[in-house]
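A.B. asks: Quick one: the structure is below, and I'll ask about it shortly.
What follows is calculated from the coordinates using simple rules that are stated; it is not laboratory data. Quick caveat: nothing in here was measured; it's all calculated off a predicted structure. Methodologically, a virtual Cβ is constructed for each residue, glycine included, from the backbone with ideal geometry; neighbour enumeration extends over all protein chains shown.
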Amino acid sequence: MTTGFYSHPDCLLHEMGEWHPECPARLQAIEDQLIASRIDALIERDDSAPLADEADLLRVHTRAYVDFIRSHAPLEGHAEIDPDTSMNPHTWRAALRAAGAAIAATDAVIAGRYENAFCSVRPPGHHAEPARAMGFCFFNNVAIAARHALEVHGLSRVAIIDFDVHHGNGTEAAFAGDSRVLMCSFFQHPFYPFSGADHQAANMVNLPMAARTKGMEVREAIDMIWLPRLHEFKPEMVFISAGFDAHREDDLGNMGLVEDDFAWITAQVREIADRHAKGRIVSCLEGGYNLSALGRSVVAHLRALAGI
């Protein structure tokens, strides 16, 4: 099976200060682990990440919000968008490139060029709501790609899998109540952004997890709750918001997963995609801030995607 690997140098240029955990070194750590693990030659690199255009963004975000982000891009220094999220002169282009990579990967997977794809991009996206940036996120890469699959390619049903120590509130806000989308997530609760546990829409399958939850408990919940819903839904394509900050070594969360857990989750998702969606998966990087754990976890995720 062929796995595409999307990234772009523009994604390294966005930074929010030397103190900030969402930093360019995250992508460099992934590159280092790809080389160290010797799987770099077993995946197919694709640098054809275009800049997302306004029509792409407007399938998820409001015009006023897109204009707000564009207008706040600074010529120098940093412009604060929220207490955790700021722009430098390269952020606008990096955010367009991250969303564009997700769209390009979607096109390539639907065309059959790759069976599945991973987008090693930043800034991440799953906290970005239709009209609000937050949590290091500007445009919701996975939501934009999923809407592209539905509205440009005409798919009828897509699943979104969100594994991250933080709830993907932006993706839920974009799709709650949309019967074409089934979103399955787990996240530490109570924890930032303090959402997802209550008043779930019928198409949301959220698994709030207590701090210090380990991988076996997550696996059991996925097996009992996610998988039956996914099989019943029969998605035509699967999107993954792949956050690795639930790793036990990551200080931004307090969960206890390890690389094997991310590989197991990915294998379950791949089985769903193989059975119902012609194997079609597009995964986009979200969280993961311990650089060593991030790199190792992405390699485990890629091995499971590629079947190697």
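A.B. asks: Using helices alone, what [θ] at 222 nm do you get for the chain, with -39,500 (n - 2.57) per DSSP H run of 4 or more residues, divided over all residues and rounded to the nearest 500? Show your work: numbers first, answer last.
C.D. replies: On the way: 10 runs with 114 residues, N = 308.
Calculated mean residue ellipticity at 222 nm is -11500 deg cm²/dmol.
A.B. asks: Name the residues whose placed amide hydrogens come within less than 5 Å of the amide hydrogen of Asn206, ignoring near sequence neighbours (fewer than 5 apart) on the same chain.
C.D. replies: Ser185
A.B. asks: Take each uninterrupted DSSP H stretch in the chain, measure its Cα extent along the helix axis, and return the ones at 20 Å or beyond whose mean Kyte-Doolittle hydropathy is at least -1.0. Walk me through the numbers before you get to the answer.
C.D. replies: Working: long enough: 91-111 (30 Å, 0.94); 259-276 (26 Å, -0.74); 291-306 (22 Å, 1.04).
TM-like helix candidates: 91-111, 259-276, 291-306.
A.B. asks: Set Lys and Arg Cβ to +1 and Asp and Glu Cβ to -1, take the dipole of region 177-305 about its Cα centre, and tell me which of His199, Trp226, Leu252 lies farthest positive.
C.D. replies: Trp226
A.B. asks: Okay, next question. Would you mind counting up the charge near Gln33? Only other residues with Cβ under 14 Å from its Cβ, with Lys and Arg at +1 and Asp and Glu at -1.
C.D. replies: -1
A.B. asks: Going by average Cβ density within 10 Å per residue, which order do the peptides 32-45, 168-181, 112-125, 55-68 take, highest to lowest? Walk me through the numbers on the way to the answer.
C.D. replies: On the way: 32-45: 14.9, 168-181: 21.5, 112-125: 25.4, 55-68: 17.2.
Packing proxy ranking, top to bottom: 112-125, 168-181, 55-68, 32-45.
A.B. asks: Give me the net charge for the shell around Ile225: Cβ to Cβ below 15 angstrom, other residues only, Lys and Arg +1, Asp and Glu -1. Kindly include the intermediate steps, with their values, before the conclusion.
C.D. replies: Details: positive: Arg219, Arg229; negative: Asp162, Glu217, Glu220, Asp223, Glu232.
Counting the neighbours of Ile225, the net charge comes to -3.
A.B. asks: Gap in Å between the Cα centre of region 166-202 and the Cα centre of region 203-231?
C.D. replies: The distance from the Cα centre of region 203-231 to that of region 166-202 comes to 13 Å.
A.B. asks: Another question, if that's okay. What's the local net charge at Ile240, with K and R +1, D and E -1, over the other residues with C-beta under 13 Å away? Show your work: numbers first, answer last.
C.D. replies: On the way: positive: Arg270, Arg280; negative: Asp162, Asp164, Glu286.
Computed value for this residue: -1.
A.B. asks: Please give the Cα centre distance for region 1-78 versus region 243-308, rounded to the nearest Å.
C.D. replies: 18
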